[in-house]
Amino acid sequence: MTKQLTQITRRGLLGAFAATAMIAAPTYSNAFGLLRGAGDIRRIKMYSGRTGESMDTIYWIEGEYIPEAVKEINHFMRDWRSNDVIRIDPRTVDIMAASHRLMDVSEPYMLLSGYRSPATNAMLRSRSSGVAKHSLHLVGQAADLRLKSRSVGQMAKAAEACSSGGVGRYSRSNFVHMDCGPVRSWGG
């Protein structure tokens, strides 16, 4: 009797893992534990009111980023004003995904701002004192996010629990800034 061998690709595994990712994955009291070693599967769900696009993708399996999914994230988080795309730092996506998981929500993030071109950042700075001249958005290391089902405070607490970067609370504008820069927090 002969055995038929089939080659399994990462894309092929996505379907199998997607069905069990949220059910079988263990929970952790510390979000960073979720990111290191514990996360056999990492998933991000977002939509953009600016472009009308949405995504729900598993971007990490068994210790490796999936190049096709990372490319999709880079495109999704582009500067929607100029359509410029750069590499988004995967650490930022990890913080976003871990925070989302800690909040135990199924709702996707609304992405308000991912990458910003220098021209976009300069335009936003001219309109608001809250936009940094050397923003981490300029180098693909930050995201401004919103959830309908969670408050700014709840989102910020989840991101701060990751102890992995900057967390800004923008309560009046109803969004949270998450980045993979130095650990710090601001806003109210």
Task: Where Rh is the Kirkwood radius over Cα pairs, Rg/Rh for the stretch 34-188 - done: 0.93
Task: Other-chain or far-sequence residues with amide H under 5 Å of residue 43's (modelled H) - done: 59
- [ ] Would you pull out the residues with amide H under 5 Å of residue 113's amide H, same chain only if 5 or more places away, H placed 1.01 Å from N?
- [x] 144
Task: Linear extension gain, residue 185 paired with residue 133, 0.36 nm per residue minus alpha-carbon span - done: 17.0 nm
- [ ] Just report the Cα centroid separation between the stretch 40-110 and the stretch 111-185, whole Å.
- [x] 15
Task: Extended-chain gain in nm, criterion 0.36 nm per residue less alpha-carbon gap, residue 122 and residue 68 - done: 16.3 nm
TODO: Quick one: order 77, 123 from most to least accessible surface, probe 1.4 Å.
DONE: 123, 77
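The values are calculated or read from the model by the stated rules, or taken from the named source; none is laboratory data. All of these numbers come straight from a predicted model, not from anything done at the bench. Quick note on the areas: whole protein, heavy atoms, side chains included, nothing else; ligands and nucleic acids left out. Shrake-Rupley method; radii C 1.70, N 1.55, O 1.52, S 1.80 Å.
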